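Report on one structure; see the data block that follows.
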Amino acid sequence: MVLLTSCLTSPDGMMLTRLKAKSERKVAKQLCKVVLDHFEKEYSRELGDAWHTVRDILTSPSCWQYAVLLNRFNYPFELEKDLHLKGYHSLFQGSLPYYPKSMKCYLSRTPHRMPSERHQIGNLKKYYLLNAASLLPVLALELRDGEKVLDLCAGPGGKSIALLQCAYPGYLHCNEYDSLRLRWLRQTLESFIPQPLVNVIKVSELDGREMGDAQRDTFDKVLVDAPCSNDRSWLFSSDSQNAACRISQRRNLPLLQIELLRSAIKALRPGGLLVYSTCTLSKAENQDVISEVLNSYSNIMPVDIKEMARTCSQDFTFAPTGQECGLLVIPDKGKAWGPMYVAKLKKSWTS
């Protein structure tokens, strides 16, 4: 185990130096003005004064933070000790209604980033770096041992890994339609999950909109981490022409997201829970999508998750959504997590 204290002389230390240089290059990379102007108009209207702080953080990669999710299948005890010494603290120090003891995630109050571990066949990684807000949809799903779970848009695999830190599902179906993200998903699972557990995981490359007809009333829990306007990456699109094309196509994303949710609802068994998430601030892709689904189905009920916001306010900043079933994490000073929208729904026994 290589400790952070030895990073200046270790191979991981050299990797950290390279990562720092890469981060500095990213900071220096010019913002995409086409995207920033578009976001400026939309988000200043939707978020009001909060947008100014959010914009300052989103446009400054040096402020971005990365949480360290420890892998319970190859637990790094020495690293955990060193994180404590470095001033990291455990996520969710408050008492969430559902928080498995098996999930351990550590945060730094400052934008310090650990080096990523290399993928090595046959060796499990000890930790996964992620935006801490990514864990909220996973925790909202309340996974229990033995349940059948569908991760409908699973690539590159971070939330699938997080789900498996929470419980041992009886069956986990990880689906990803995009071929590049599918390769990342397979490699991520191979890097973090031991072979016995891999045997209860199925990976597929279906169009998520077809999953409901193929697997009707099958799953206890379904996660729809939908394709969306990725605000962080879009702001640093190097090709302004491509960025303009993305923005013009952005209006079509809510339709795709609604179709994915309709498919997920079909795949969910009566009494099951569904969580929808995105990494965008866009109301059209978040609250409006959920409102459309709730207005279209008599057997889909909103699940109140306001308590999650109250419990997690120490580590996250939330913007009002007007929905009891929906939360929106916005980047804030000292809490540079998000954007992340999370909504929780339940399928009733009567249609």
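The values are calculated or read from the model by the stated rules, or taken from the named source; none is laboratory data. Bear in mind the structure is a predicted one, so any value in this text is a computation, not a measurement. Quick reminder, even Gly has a Cβ in these numbers, built from the backbone with ideal geometry, and neighbours come from all protein chains shown. Ligands, DNA and RNA are stripped out before the accessible areas are found, and what is left, the full protein with its side chains, is counted by its heavy atoms. Shrake-Rupley method; radii C 1.70, N 1.55, O 1.52, S 1.80 Å.
Of the strands (runs of 3 or more DSSP E) lying entirely inside region 187-292, the ones with 2 or more residues being more than 30 Å from Trp64 (Cα to Cα) and open to solvent by 30 Å² or more (accessible area, probe 1.4 Å) are found at 201-204, 268-278.
Only one residue in Leu124, Leu139, Leu107 is touching a strand residue (DSSP E or B) at 6+ places or on another chain (Cβ under 6 Å) and either among the aromatic types (Phe, Trp, Tyr) or within 30 Å of Leu85 (Cα to Cα) (or both), so which one is that? It would help to see each step written out before you state the result.
On the way: Leu124 fails: touching a strand residue (DSSP E or B) at 6+ places or on another chain (Cβ under 6 Å); Leu139 fails: touching a strand residue (DSSP E or B) at 6+ places or on another chain (Cβ under 6 Å).
From the options Leu124, Leu139, Leu107, the qualifying one is Leu107.
Restricting region 32-50 to residues that are in a helix (DSSP H, G or I) and either in contact with a strand residue (DSSP E or B) (Cβ under 9 Å, 6 or more places away or on another chain) or small (Gly, Ala, Ser) (or both) leaves a set whose member that is most open to solvent (accessible area, probe 1.4 Å) is Glu46.
Residue-wise test of (1) under 21 Å from Gly212 (Cβ atoms); (2) surrounded by 20 or more Cβ atoms within 10 Å (Cβ to Cβ); (3) among the acidic types (Asp, Glu); (4) under 17 Å from the mean Cα position of the chain (by Cα).
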residue: Arg118; (1), (2), (3), (4): no, no, no, no
residue: Gly122; (1), (2), (3), (4): no, no, no, no
residue: Ala133; (1), (2), (3), (4): no, yes, no, yes
residue: Leu143; (1), (2), (3), (4): yes, yes, no, yes
residue: Leu152; (1), (2), (3), (4): yes, yes, no, yes
residue: Gly155; (1), (2), (3), (4): yes, yes, no, yes
residue: Gly158; (1), (2), (3), (4): no, yes, no, yes
residue: Leu164; (1), (2), (3), (4): no, yes, no, yes
residue: Tyr168; (1), (2), (3), (4): no, no, no, no
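Number of residues in region 328-351 that are more than 13 Å from the chain's Cα centre (by Cα), surrounded by 13 or more Cβ atoms within 10 Å (Cβ to Cβ) and within 26 Å of Arg55 (Cα to Cα) equals 5. The number of residues in region 299-329 being polar (S, T, N, Q), modelled with pLDDT of 95 or more and under 26 Å from Lys347 (Cβ atoms) comes to 3. Just one of (1) closer than 24 Å to His173 by Cα; (2) open to solvent by 20 Å² or more (accessible area, probe 1.4 Å) fails for Thr317. It is (1). When His89 is tested against (1) open to solvent by less than 30 Å² (accessible area, probe 1.4 Å); (2) touching a residue at least 24 places away in the same chain (Cβ under 8 Å), only condition (2) is not met.
Inspection of region 143-154 finds no residue satisfying the criterion of being touching a helix residue (DSSP H, G or I) at 6+ places or on another chain (Cβ under 6 Å), in contact (Cβ under 8 Å) with a residue 40 or more places away in the chain and in a helix (DSSP H, G or I).
Please tell me if Cys32 is within 23 Å of Ala162 (Cβ to Cβ) and at pLDDT 90 or above.
In short, no.
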